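What follows is a set of notes on a single structure, which appears directly below.
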Amino acid sequence: MPRLFRFALGGCLLLFSLAVSAAQSCDTMVGRLASLEGQVEVQSSRASAWQPATLNQSLCQGDTVRAGARSRATVALVNQAVLRIDENTAMRLDNISGVAEERSVLSLLKGAFQSFSRKPRGFEVSTPYLNGSIEGTEFVFRVTDDEAILTVFEGIVLASNAQGSASVSGGEAVAAKAGQAPQARTVVRPRDAAQWSLYYPPILATGGGQGVSPALRQAADDLSVGRVDEARSGVEQAIAAGGADAGLAYALRAVINVVQNQPDQALADAGQGVSLSPDSTAAKIALSYAQQAKYRISEARDSLQQAVAQQPENALAHARLAELQLMLGERAQASASAQQAVALAPNLGRTQITLGFSALAEFRNEAARAAFEKAIALDSADPLPHLGLGLAKISDGDLLAGRQEIEIAVGLGSSDALLRSYLGKAYFEEKRGPLDADQFDIAKQLDPNDPTPHLYSGIARQTENRPVEAARDLEKSIELNDNRAAYRGRLLLDKDRAARGTSLSRAYNDLGFSQLGVNESTRSLTLDPANDSAHRFLSDTYRNVRRREISRVSELFQAQMMQDNNINPVQPSVSSTNLN
């Protein structure tokens, strides 16, 4: 090639590179792409061409984000709003501000997005048929060919256009067509408007599923990108037709019901799936999720052990087994299962999640963050690695960044009560009441059988000198926890030491109900004599009881002997000496 031609070509490439760089750079970053699925593109305000989006890409004022068919994205803005973008959506960031006194404005050109924000900042959304003025809330905005629909989950939105206005509160919806004022719409289950935004855990291994019909493979693919209506249609057809596909169809329907907080129906479907397809690993993975939703963690682990015994080459089954083993505190077994999954499929996100939580439980935060970041790179739509990364950052002392990561997790799994509980904990640590109580209340509504939000709500109220309300919450957590005291959240993966380090007996002692604390801790020890938290609970209960010094020190010693490595504070006022 002539030198002059090479020079000219190099110059063109350099100019093109500089043009792309200029289009992607800006003076002020207003957000980033926190998750990507399918075909997502960004058009800079400084260029007309669309560029493929990249994970964690910075967004600038005036940028437009669009998601193609069977695609989704999540945008985290500097005003602390998390936007979940549906397929076939285009949205322009007109003027996003991180300053509390300034309003942010964006335009929804077509499609839909769900907004999650608990920061009391002004936020305006413009659409062709309807505009919304929002103050820190949760809502879904959708624009179709001839109307705009606004559904509010929490908070208040003022919806308006040239023809009129309407105030929309939580649980309500409003719609407007061209030339018409906003009209209220009745909604029975408001959160159904955001079903497309949820994450449905996989049960079919990538590239696997031998013997799976194209129709069910398509249904599983639809579910992986939130197209739950299309997936359910294929599933129902397979169930109605019967035959070899019915077992897997029931398994897929079980996963849908798990995510949509219908645990009883999920367990029934999963059981039917295993009955029809006893050799199906996917059916047993679905059963494990249904059993976990009913808090039967040991049974879920047993289901997965059967699955890996039948199909030892299935990496997804090994990864799922590792999750359940870690929940039960079986660290050595969990590590072996995770390593087996890594050997079978190195790029499986679920395996990295397990490795991350295992490292987090051992205070190896750097390793935990690396594993969670790799899991996000492999599957950025999965809320669990975002939760884990948030917990790791909080453990490192970066409460703001950690809480923002947990908010992204909630944006990806807004119907997950457990994520809401952890976000409430983060708000509590930031002393941002009543936002913490709001999240605990939402978690209680989403899953009335989960003791976790009651446990954390009780701890929060106890530290706010509200012992009566704290005792009620703690008693409810005990009732929901098989009548034994709860010492940590339902997600045992992170070995929640914040909950374990807080003595649940304090609320009883504050009320003068020391004997009730003794009764509850004794019941826990009867059910599980090796529970170190129960021994600590009983020791704390004895702290203000006369002539119980020997019992107190004995229980504390047993707790210390049985606990794993932790950073729990030493029990205060251990002044008893010469007890031996």
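The values are calculated or read from the model by the stated rules, or taken from the named source; none is laboratory data. Computed from a predicted structure; not experimentally measured. Cβ sites come from the backbone with ideal geometry, for glycine too, and all protein chains shown count toward neighbours. The area values use the complete protein model at the heavy-atom level, side chains included, leaving out ligands, DNA and RNA. Shrake-Rupley method; radii C 1.70, N 1.55, O 1.52, S 1.80 Å.
Listing for the model above:
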quantity: Test: residue in the range 125-147 that is under 22 Å from I406 (Cα atoms) and part of a loop (DSSP other than H, G, I, E, B); calculated: yes
quantity: Test: A341 is modelled with pLDDT of 90 or more and part of a helix (DSSP H, G or I); calculated: yes
quantity: Number of positions in the range 437-455 that are in a helix (DSSP H, G or I), open to solvent by less than 10 Å² (accessible area, probe 1.4 Å) and within 26 Å of F537 (Cα to Cα); calculated: 5
quantity: Tally of residues being hydrophobic (A, V, I, L, M, F, W, C) and open to solvent by 10 Å² or more (accessible area, probe 1.4 Å) across the range 293-314; calculated: 4
quantity: Contacts under 8 angstrom Cβ, first residue in the range 393-416 being at negative phi and at pLDDT below 90, partner open to solvent by 20 Å² or more (accessible area, probe 1.4 Å) and outside any helix (DSSP H, G or I), 6 or more apart; calculated: S395/F363; S415/Q260; S415/N261
quantity: Residue that is over 18 Å from F141 (Cβ atoms) and at pLDDT below 90, where the choices are S58, S21, S35, S44; calculated: S21
quantity: Residue within the range 129-136 that is more than 25 Å from S71 (Cα to Cα), surrounded by fewer than 18 Cβ atoms within 10 Å (Cβ to Cβ) and either modelled with pLDDT of 95 or more or of a type in the set (S, T, Y) (or both) present; calculated: yes
quantity: Qualifying positions in the range 180-197 - modelled with pLDDT of 90 or more and in a loop (DSSP other than H, G, I, E, B); calculated: Q180, A181, P182
quantity: Some residue of the range 398-413 being open to solvent by 20 Å² or more (accessible area, probe 1.4 Å) and closer than 20 Å to V259 by Cβ; calculated: no
quantity: Within the range 299-336, tally of residues that are of a type in the set (S, T, Y) and within 16 Å of T351 (Cα to Cα); calculated: 1
quantity: Qualifying residue in the range 379-394 (condition: hydrophobic (A, V, I, L, M, F, W, C), touching a Ser or Thr at 6+ places or on another chain (Cβ under 8 Å) and surrounded by fewer than 24 Cβ atoms within 10 Å (Cβ to Cβ)); calculated: no
quantity: Given (1) of a type in the set (A, V, I, L, M); (2) open to solvent by less than 60 Å² (accessible area, probe 1.4 Å); (3) more than 30 Å from I408 (Cα to Cα), number of the condition A215 does not satisfy; calculated: (2)
quantity: Any hit, the range 320-334, residues being open to solvent by 10 Å² or more (accessible area, probe 1.4 Å), more than 23 Å from the chain's Cα centre (by Cα), closer than 18 Å to L378 by Cβ and not hydrophobic (A, V, I, L, M, F, W, C); calculated: no
quantity: Criterion: modelled with pLDDT of 75 or more and among the charged types (D, E, K, R) - qualifying residue of R543, R506, R500, R548; calculated: R548
quantity: Filter result for A370 (surrounded by fewer than 22 Cβ atoms within 10 Å (Cβ to Cβ), under 17 Å from the mean Cα position of the chain (by Cα) and not charged (D, E, K, R)); calculated: no
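Here's the yes/no breakdown for (1) within 30 Å of S35 (Cα to Cα); (2) free of Cβ contacts under 8 Å to residues at least 12 places away in the same chain; (3) assigned to a helix (DSSP H, G or I):
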{"residue": "P201", "(1), (2), (3)": "yes, no, no"}
{"residue": "R217", "(1), (2), (3)": "yes, no, yes"}
{"residue": "V235", "(1), (2), (3)": "yes, no, yes"}
{"residue": "A266", "(1), (2), (3)": "yes, no, yes"}
{"residue": "A270", "(1), (2), (3)": "yes, no, yes"}
{"residue": "V274", "(1), (2), (3)": "no, no, yes"}
